[in-house]
Amino acid sequence: MAPRLIRGFLTVGGWTLLSRVIGFARDILIARFLGTSAAAEAFFIAFSLPNMFRRFFAEGAFNMAFVPLYAKKLEGEGMADADAFARDAVAGMVLILTAVSVLGVILMPALVFAMASGFAEDERFALTVEYGRVAFPYIALISLAALVSGVLNANGRFLAAAAAPALLNVVFIAAMTVAALAPGDVMAWLQAPTHTRAVGWLLIASVPLGGLAQLGLVWIAAHRAGHRLWPRRRPRLTPELRRLTVIAAPAALAGGVVQVNLLVGRQVASYFDGAVAWLNYADRLYQLPLGVVGIAIGIVLLPDLSRRVRAADAEGQRAAYSRAAEFSLLLTLPAAVALAVIPLPIVTTLFERGTFGPDDSASTAVALIVYALGLPAFVLQKVLQPLFFAREDTRTPLRYALVSMGVNAAVAIGLAPVIGFAAAALGTTLAAWAMVLLLWMGVRRMGPVGRLDDRARSRAWRTVLACIGLGVVLWVASVLLGPALDGATAVPALAALIGVGIAAYAVLAAATGAARPSDLRGALRRAGP
């Protein structure tokens, strides 16, 4: 069981890593052409709107309810009946998301005001509304892609679903390459403060095109795997969909709470010039380890736990939970340490060019430190929540999410007059840790299945010890490489610094017993396809 689970983590995590690396190339180009201009902030808010609703409808409420039900039907009744359930879900989703997309386009001014009321007094508001209307239909495409991905994941086919997000970044890169390859006089025009909107339009037009590419990839993969998901009838409320609705409703409310947290952060940032862009660039950096580890664990762990809950396999549930926690800490804690210890070299090397200047680097680095402190919590949520969702319990996480929302709002709004835009990041981080504490207390009440086994507990403190050593190594290395982390030598110097960190952590993890190479080799050798 555990080797197969780890194999799934590595498959999803590897493709997510590729997507995030391509995403960095995209963000470097965005920083070069748009920096923290009005077009940049308008693009970030406009793109966040369909993403917010996507997390609400697809990756949030719907997927957390759909995947366990589909996995249980697959385990008990076979693929034909499970796919029939999926077709009914597709029909219902098309109807709902079409209506949501139309309403979103019509009500875009209100949505933008809800996201960034600080834009209301200047040019950013109208521009964000225009961008938002182009991008918003992406929600329907990516939500359907998430449903099809859930079918593939529940059947143990992770490759296409994990690779699909990279396509959006590829489309973005293609659009930005058009600008980057422009002749010198056109390049100067594009980089001029009054013409950055041209690049913004290239980017925002890429959003629905990327959604089509993602949906196409997973749909073709599902078809080749024998899944016929095209609805054969008009939407109707079957008993299975009624059950899906009952389970999804609390998860939808919980997802709404999470989005309120995002809204609070965006609102606070919108009152500080450039802050929306600073937070977005910092968010992209900490999202790399979060995506590689946290998303991979959430995707793989939920269907596995759902099948084991149906089979009443308590030992298997505990082992899956323990390996997920162990694996996430092993990879997340060193990433958090690196982002917190050397944030400025990372930000400067990746983003500081064109219209993105030293002051932008400094502000982005501050946000990155705060986000890094919350990174382990963001990932641990992905480990703990499936234990509830696999039991079709979406109400308990809702209650916890409401508490975390209060923490976020109190910190972000209350401290904004004192520490400025960083209050938005601090609220997000503290709310994440509050959520983890509550989830952990709830999981403990599940009995033995909610307690880490001896191996996971032993390796947790060893991982912390190895990461303390890593922090010291990175700090010393950054001081020694300080002069080289600037100018033409910045890229190779940063690569060397990261290489030193990886090598040091590998040695420290082995020395402390936090990880043993034989575990990974065994997982890859014994895991089936």
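Read-outs: derived from the displayed coordinates by stated rules, not from any lab. Note that the structure is predicted; figures quoted are calculated from it, not measured. Backbone-built Cβ (ideal geometry, glycine too); neighbour counts: all protein chains shown.
Highest average first, the peptides 43-49, 412-418, 131-137 ordered by how many other beta carbon atoms sit within 10 Å of their residues are 43-49, 131-137, 412-418. Could you state, as a whole-number percent, how many of the C-alpha pairs of region 2-526 are farther apart than 34 Å? Roughly 36 percent, once rounded to a whole number. Note on D453 and V178: the model spin-label points, each 7 Å out from Cα along the C-beta direction, lie 5.3 nm apart.
The modelled label-to-label distance between D81 and V102, using points 7 Å beyond Cα along the C-beta direction, is 3.6 nm. Counting charges near T332 (Lys, Arg +1; Asp, Glu -1) among other residues having Cβ under 12 Å from its Cβ returns a value of 0. Legend: ranking of residues E352, E77, E121 from fewest to most surrounding C-beta atoms inside 10 Å; resulting order E121, E77, E352. Listed by Cβ neighbour count within 10 Å, with the fewest neighbours leading, T245, T349, T16 appear as T245, T349, T16.
Lys/Arg Cβ at +1, Asp/Glu Cβ at -1, dipole of region 2-526 taken about the Cα centre: which of W219, L288, V276 is farthest positive-ward? Selected residue: W219. The ranking of D313, D122 by Cβ neighbour count inside 10 Å, starting from the fewest, reads D122, D313.
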